[in-house]
Protein chains: 2
Amino acid sequence: MFSKACEYAIRALLFIAQKTVDGSKIGIKEIAKGIDSPEHFIAKILQDLSRKGMVQSQKGPSGGFYLHQSSLNASLADVVRTIDGDSIFSGCALGLKQCSEVKPCPLHHEFKKIRENISHMLQTASLGEFSQQLEKSKLFLKR
Amino acid sequence: MFSKACEYAIRALLFIAQKTVDGSKIGIKEIAKGIDSPEHFIAKILQDLSRKGMVQSQKGPSGGFYLHQSSLNASLADVVRTIDGDSIFSGCALGLKQCSEVKPCPLHHEFKKIRENISHMLQTASLGEFSQQLEKSKLFLKR
DNA sequence: CAAATAAAAGAGTTCTTTGTCTTTTTTTCC
DNA sequence: GGAAAAAAAGACAAAGAACTCTTTTATTTG
Ligand code: FES
Ligand code: FES
């Protein structure tokens, strides 16, 4: 479904959102532990997201990662698109070069609905909203 | 969603079903052309499916691939499970080691429905039924 | 300013997937 | 039985994804 990088990215951003509601910052080691991901790998991914403005960071002592309001308003769809591109939103289920209504593959009509459900799931809630639910209900970012 | 191997496999099996309704057989080169896949790659995949009894083959002149009735009755889910395993049917959207109802990830409740839709799409129709529709309506296996 | 801290950057490594090429085996058909 | 046809098998190559390690840069704080 998603690439490993994308899975880690989503988990990391939700984790950061959750841990920095109080305006603090959180370091890469804690993040890696918190979401059970390889430290240097998630560091690379966050570097990338940082360059693209989807997460904020500060170097030096008492530095770390955090999220601007604008980043909190981003949807998971934005994250997925940034990392995996939009194949999941518009690609053909059977790998035809172009999904097409006029030359549909055998799964097209059914798959179209599924893609819409996925889009809806990723588009509806923002990082901020998710992290609120993370606090309230019992949701998990690692096992 | 699916691996390349799995995409090619589905397309190939549907193509074979379609081309051998009359009891004939079809060669690997035609299959590769018919579904626009690398010839030797799809050959490997069909070898594999053949060993597992999901497609039938015969060597020598006038040989080729075809499908027993039992193979025609297989669902796409069977094919996907054979090649990609069952991660798509039961894996966690965010890559947690185990999808779990009691320790759900933030996407779990929504994603569960989507997984069910995917299962349904793959489980419902058999290869044979798909290939009938391929003939009747205008469906495509390459672009 | 110096030392310490933390992210950024860069350069690899390893593993998996995808794809190619060559040889072998089986079967048919003359 | 020999030639030709076709899949099976095996070994390899290329690309991409996932992951690691080292060095650099920026920032803080005493
Ligand atoms: S053509 Fe395959 S999903 Fe649209
Ligand atoms: S726990 Fe992630 S999908 Fe079920």
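The values are calculated or read from the model by the stated rules, or taken from the named source; none is laboratory data. Since the structure is predicted, the reported quantities are computational estimates derived from the model, not experimental observations. Reconstructed Cβ throughout: ideal geometry from the backbone, glycine too, with neighbour counts over all protein chains shown. Quick note on the areas: whole protein, heavy atoms, side chains included, nothing else; ligands and nucleic acids left out. Shrake-Rupley method; radii C 1.70, N 1.55, O 1.52, S 1.80 Å.
Of all the criteria given as (1) in contact (Cβ under 8 Å) with a residue 40 or more places away in the chain; (2) over 30 Å from B:Phe89 (Cβ atoms); (3) under 17 Å from the mean Cα position of the chain (by Cα), the one not satisfied by A:Leu46 is (1). Within the stretch B:32-55, if we keep just the residues that are in contact with a Lys or Arg (Cβ under 9 Å, 6 or more places away or on another chain) and of a type outside the set (D, E, K, R), the residue that is farthest from B:Lys142 (Cα to Cα) turns out to be B:Phe41.
Report whether or not B:Thr82 is more than 12 Å from chain A (Cβ to nearest Cβ), more than 16 Å from ligand 2 (Cβ to nearest atom) and not charged (D, E, K, R). So that I can check it myself, show each step before the final result.
On the way: more than 12 Å from chain A (Cβ to nearest Cβ): yes; more than 16 Å from ligand 2 (Cβ to nearest atom): yes; not charged (D, E, K, R): yes.
Here the answer is yes, as B:Thr82 does meet what is asked.
For A:Ser119, the stated conditions hold: it is under 23 Å from A:Ser3 (Cβ atoms) and more than 7 Å from chain B (Cβ to nearest Cβ). The stretch A:59-138 holds helices (runs of 4 or more DSSP H) entirely within its bounds, and those carrying 1 or more residues that are open to solvent by 20 Å² or more (accessible area, probe 1.4 Å) and modelled with pLDDT of 95 or more map to A:69-72, A:76-84, A:87-90, A:108-124. Looking across A:Ser57, A:Ser87, A:Ser70, A:Ser50, one residue alone is within 16 Å of DNA strand C (Cβ to nearest atom), out of contact with any strand residue (DSSP E or B) (no Cβ under 8 Å at 6 or more places or on another chain) and of a type in the set (Ser, Thr, Tyr). It is A:Ser87.
Do we find that A:Arg51 is under 13 Å from the mean Cα position of the chain (by Cα), without any contact (Cβ under 8 Å) to a residue 24 or more places away in the chain and open to solvent by 30 Å² or more (accessible area, probe 1.4 Å) in this structure? Considered against the rule, which asks whether it is under 13 Å from the mean Cα position of the chain (by Cα), without any contact (Cβ under 8 Å) to a residue 24 or more places away in the chain and open to solvent by 30 Å² or more (accessible area, probe 1.4 Å), A:Arg51 comes out as no.
Out of (1) within 12 Å of the chain's Cα centre (by Cα); (2) modelled with pLDDT under 95; (3) of a type outside the set (Asp, Glu), what's the single condition that is false for A:Lys4? Exception for A:Lys4: condition (2).
I need the helices (runs of 4 or more DSSP H) fully contained in the stretch B:1-55, keeping only those with at least 2 residues that are more than 14 Å from every other protein chain (Cβ to nearest Cβ). Steps first, answer last, please.
Working: elements: B:4-19, B:28-35, B:39-51.
The qualifying helices (runs of 4 or more DSSP H) are B:28-35, B:39-51.
For the stretch B:1-38, the set of residues classified as more than 20 Å from B:Asp84 (Cα to Cα) and either within 10 Å of DNA strand C (Cβ to nearest atom) or open to solvent by 60 Å² or more (accessible area, probe 1.4 Å) (or both) consists of B:Lys19, B:Val21, B:Asp22, B:Gly23, B:Lys25, B:Lys29, B:Glu30, B:Ala32, B:Lys33, B:Asp36, listed by residue number.
Of all residues in the stretch A:24-65, those satisfying the criterion of being within 17 Å of A:Leu14 (Cα to Cα) and among the polar types (S, T, N, Q) are A:Ser24, A:Ser37, A:Gln47, A:Ser50, A:Gln56, A:Ser57.
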